[in-house]
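Here is the structure we will look at.
The values are calculated or read from the model by the stated rules, or taken from the named source; none is laboratory data. Just so you know, these numbers come straight off a predicted model, no measurement behind them. Here the Cβ positions follow ideal geometry from the backbone for every residue, glycine too, while neighbour counts run over all protein chains shown.
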Amino acid sequence: MSNCRFLARVALVFAFASGSCLALADEGPGFDNISPETYSQMLVDAVQAHHGERYRESFTLFQRLACAGDKTSQEQLGLMYLTGEGVPKSAVKAYLWLALAAEYNFAPYRTTAKRVESVFTAEQMKTVAPLADDLRGRYGQRATNVTCNAQSNSSFSSNIKNSVVCSPKHGVSMLLVHRCYAEEQSGPALDH
């Protein structure tokens, strides 16, 4: 077999293989079965790491929960991007995660997202809005099958809702927790 024919066959194999990989990359990341206790502990660990100023560890844990659809974690990722805690500062990434948290109609989430949005020009929003839609399609309530409810702490009257608690869909005895897409696992690809 000539070198040209061999190289042509190799090129076809690589073209087919890369096409298959692209098709797989477009598919959703799927769900993990996690015990309710483990899921709750992830949030506790994320908060403790953040309070201990272990921001990279905190970011990783909040990111896992944010990909699962947890609105509090999505807000926290946005705030970490806004301040540069554990990640490079990015107004775009901050806005994207804050807007995703604001998908749940909770006034503090909406207010924070609107404040960040106000720094963008109309032209910039034309670029950012489709990115926000894409993130919502990946990690919004519909994609992750979470149920969220506003709740009040015991120190407030029951009419004042000051937190949001999101719960993944239950399997038989485990929670079905949405995984991150590959680009979130290695750090979001949006470096604006």
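The criterion of being buried (at least 20 other Cβ atoms within 10 Å of the Cβ) and without any contact (Cβ under 8 Å) to a residue 24 or more places away in the chain does not hold for residue 66.
In contact with a Cys (Cβ under 7 Å, 6 or more places away or on another chain) and either in contact (Cβ under 8 Å) with a residue 12 or more places away in the chain or within 20 Å of residue 165 (Cα to Cα) (or both): is that true of residue 71 in this structure? So residue 71 fits the description; yes.
Conditions (1) under 17 Å from residue 71 (Cα atoms); (2) out of contact with any strand residue (DSSP E or B) (no Cβ under 6 Å at 6 or more places or on another chain); (3) surrounded by fewer than 20 Cβ atoms within 10 Å (Cβ to Cβ), marked per residue:
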site	(1), (2), (3)
90	no, yes, yes
95	yes, yes, no
104	yes, no, no
111	yes, yes, yes
115	no, yes, yes
118	no, yes, yes
125	no, yes, yes
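Of all the listed residues (20, 35), the sole one being at pLDDT below 95 and within 22 Å of residue 177 (Cα to Cα) is 35.
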